[in-house]
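This report concerns only the one structure given below.
The values are calculated or read from the model by the stated rules, or taken from the named source; none is laboratory data. All values reported here derive from a predicted model rather than from experimental measurement. Because the Cβ atoms are built from the backbone with ideal geometry, glycine has one as well, and the counts that use them run over all protein chains shown.
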Ligand SMILES: C[S@@+](CC[C@H](N)C(=O)[O-])C[C@H]1O[C@@H](n2cnc3c(N)ncnc32)[C@H](O)[C@@H]1O
């Protein structure tokens with residue numbers, strides 16, 4: 001199953017070009033090979049999966065990229081059927097190359113704002129998805145459509161204070177990994193996005209402080225000069241920061257679990 005490129009807006013074609021031509025190669029050759037980044041990304045994905053209390057039958061990885069969620073999910077829930085969708089053929093190709101022979105592993109090239117899937121998913125996981133979409137509300141509607149009644153949506157997105165927004169604006173403009181159309185959200189915006197579109201928020205976890213940049217050696221190349229042993233304690237410090245009132249609101253990212261209510 002693939003998408004009709006003639007039906008994509010200019011913004012989406014640019015997103016597709018960016019991921020096909022620049023980012024897929026960097027994920028494959030830098031992010032997923034760097035030891036600390038691999039450790040950090042898996043740690044993050046496991047935090048997301050901590051929201052699942054029992055083995056789901058079917059999980060949708062929404063804007064799956066290179067399907068880095070798949071091995072982490074499989075490690076915890078060996079029988080779950082994994083489906084990933086992404087607009088970029090080259091991102092999908094990396095996932096297909098790495099895990100294509102695995103059982104219960106399905107990838108589709110699809111536009112996240114126009115899903116062509118059955119409505120039988122128990123769980124949808126969307127990490128780093130909504131800030132890429134021209135209409136996050138349209139994206140949420142599509143997820144609502146494919147989730148079973150009472151199904152669980154777990155999102156993880158860049159979250160901002162005014163200061164974060166400014167830093168992100170600069171990085172988005174200067175780094176070839178981003179496009180100026182990429183968004184970052186205030187917590188209140190994410191809350192409204194979910195509550196206004198048929199979801200009830202179950203749990204909110206702040207994620208990513210001092211260790212966060214080290215998870216992205218493809219974006220911040222300086223981080224590769226830091227040794228792993230120095231970085232793991234940073235993750236522990238981050239765990240403490242995430243528990244301190246007010247300070248926790250300075251995180252770079254957030255994990256929100258929400259249940260479909262109507
Ligand atoms: C930051 S990456 C996140 C990838 C993956 N979820 C992860 O956690 O590693 C964002 C992904 O969104 C995809 N994407 C952007 N716009 C999309 C759209 N309209 N439909 C489907 N995928 C899209 C990109 O191709 C990219 O792979």
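Do we have residue 52 as at pLDDT 95 or above, within 15 Å of the ligand (Cβ to nearest atom) and in contact with a strand residue (DSSP E or B) (Cβ under 9 Å, 6 or more places away or on another chain) here? Spell out the reasoning first.
On the way: at pLDDT 95 or above: yes; within 15 Å of the ligand (Cβ to nearest atom): no; in contact with a strand residue (DSSP E or B) (Cβ under 9 Å, 6 or more places away or on another chain): yes.
Here the answer is no, as residue 52 does not meet what is asked.
Mind checking whether some residue in region 45-57 is within 15 Å of the chain's Cα centre (by Cα), in contact (Cβ under 8 Å) with a residue 24 or more places away in the chain, within 19 Å of residue 228 (Cβ to Cβ) and part of a loop (DSSP other than H, G, I, E, B)?
Checked against the condition, which is being within 15 Å of the chain's Cα centre (by Cα), in contact (Cβ under 8 Å) with a residue 24 or more places away in the chain, within 19 Å of residue 228 (Cβ to Cβ) and part of a loop (DSSP other than H, G, I, E, B), region 45-57 yields no hits at all.
If you check 140, 125, which single one turns out to be surrounded by 22 or more Cβ atoms within 10 Å (Cβ to Cβ), touching a strand residue (DSSP E or B) at 6+ places or on another chain (Cβ under 9 Å) and touching a residue at least 60 places away in the same chain (Cβ under 8 Å)?
Among 140, 125, only 125 is surrounded by 22 or more Cβ atoms within 10 Å (Cβ to Cβ), touching a strand residue (DSSP E or B) at 6+ places or on another chain (Cβ under 9 Å) and touching a residue at least 60 places away in the same chain (Cβ under 8 Å).
Select from region 13-36 the residues that are surrounded by 14 or more Cβ atoms within 10 Å (Cβ to Cβ) and assigned to a loop (DSSP other than H, G, I, E, B) and list them in ascending order.
32, 34 - these are the residues of region 13-36 that are surrounded by 14 or more Cβ atoms within 10 Å (Cβ to Cβ) and assigned to a loop (DSSP other than H, G, I, E, B).
Please go through region 103-127 and pick out each residue that is within 9 Å of the ligand (Cβ to nearest atom), assigned to a strand (DSSP E or B) and either within 22 Å of residue 49 (Cα to Cα) or more than 18 Å from the chain's Cα centre (by Cα) (or both).
Passing the criteria: 125, 126, 127.
When the residues of region 59-79 are narrowed to those that are assigned to a loop (DSSP other than H, G, I, E, B) and crowded, with 18+ Cβ neighbours inside 10 Å, which ends up farthest from the ligand (Cβ to nearest atom)? Walk me through how you get there before you give the answer.
Here is the first cut: in region 59-79, the ones assigned to a loop (DSSP other than H, G, I, E, B) are 63-68, 77-79.
Narrowing the set further to residues that are crowded, with 18+ Cβ neighbours inside 10 Å leaves 63-68, 77.
Values: 63: 3, 64: 5, 65: 3, 66: 6, 67: 8, 68: 5, 77: 17 Å.
My answer is 77.
Let me spell it out: the conditions are (1) away from the ligand (no atom under 11 Å from the Cβ); (2) surrounded by 15 or more Cβ atoms within 10 Å (Cβ to Cβ); (3) at pLDDT 95 or above, and residue 85 meets all of them except one. Which number is the exception?
So residue 85 meets the others, but not (1).
Residues to consider are 10, 100; find the one that is more than 30 Å from residue 180 (Cβ to Cβ), more than 10 Å from the ligand (Cβ to nearest atom) and surrounded by fewer than 20 Cβ atoms within 10 Å (Cβ to Cβ).
Every option except 100 fails the conditions.
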